[in-house]
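The values are calculated or read from the model by the stated rules, or taken from the named source; none is laboratory data. The model shown is predicted, which means the values in this text are computed figures rather than measured ones. Reconstructed Cβ throughout: ideal geometry from the backbone, glycine too, with neighbour counts over all protein chains shown.
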Amino acid sequence: MKPPLAYFITFTTYGTWLHGRETGSVDREHNAPGTPVLPPDAAREASARAAMRQACYILDEPRRNVVLRTLVEVCRHRQWTPWAVHVRTNHVHVVVTAPVPPEKVMSDFKAWASRRLRESFDESPDRDRWTQHGSTRYLNDSASMSAAIRYTLDEQGDRMSAYESPYDYEPEA
């Protein structure tokens, strides 16, 4: 089986994208491309909020910049190729090529970013910063990769803390 060209990885900050929220959400059973999101469910959202151990974690501009620098640093250290990164107040999108499973990539991103946030802002090591998992999509062709890069950089509203690869992706002939 041919490896994917890249992964489209998305993860959210703790407590900010609860299941049942007004704009919908995605769970393990509703995570395939083209699958509709879960409908709003106030009771489910209230239940999720009541189960939270800590307040929501919001990425202000200084924290977004630390996360962005860290994710690019991880890619350089691991010799992965970051094509697009966009760190927003409550979630992160990354399009990356890596020779390891996307769950490993996301785990490394979260661990390194948590460490850098802790060091930079004297935060508690017990602070929850990220949701438990996230979305890991395989990008198997240049059209899906281009669409993920465009979505990451240009379809999230005004850019916050973003990285765009200086290299153009050259699909294999």
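At-a-glance table
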read-out	value
Filter pass, Glu103 being charged (D, E, K, R) and under 15 Å from the mean Cα position of the chain (by Cα)	yes
Boolean, Val96 is in contact (Cβ under 8 Å) with a residue 24 or more places away in the chain, under 18 Å from Phe11 (Cβ atoms), among the aliphatic types (A, V, I, L, M) and not in a helix (DSSP H, G or I)	yes
Matching residues, region 120-140, being crowded, with 17+ Cβ neighbours inside 10 Å and acidic (Asp, Glu)	Asp128
Residues of region 88-111 classified as of a type in the set (S, T, N, Q), touching a strand residue (DSSP E or B) at 6+ places or on another chain (Cβ under 6 Å) and under 14 Å from Asn65 (Cα atoms), total	1
Selected residue (criterion: modelled with the lowest pLDDT) from residues of region 11-32 that are among the hydrophobic types (A, V, I, L, M, F, W, C) and part of a loop (DSSP other than H, G, I, E, B)	Ala32
Candidate set: region 63-98, residues that are closer than 19 Å to Asp122 by Cα and not polar (S, T, N, Q); chosen: the one surrounded by the most Cβ atoms within 10 Å (Cβ to Cβ)	Val67
Residue among Ser144, Ser114, Ser120 that alone is assigned to a helix (DSSP H, G or I), more than 19 Å from Phe8 (Cβ to Cβ) and touching a strand residue (DSSP E or B) at 6+ places or on another chain (Cβ under 9 Å)	Ser114
Any chance Asp122 is of a type in the set (Asp, Glu) and within 17 Å of Tyr7 (Cβ to Cβ)	no
Some residue of region 33-54 being over 17 Å from Arg137 (Cβ atoms), exposed (fewer than 10 other Cβ atoms within 10 Å of the Cβ) and modelled with pLDDT under 70	no
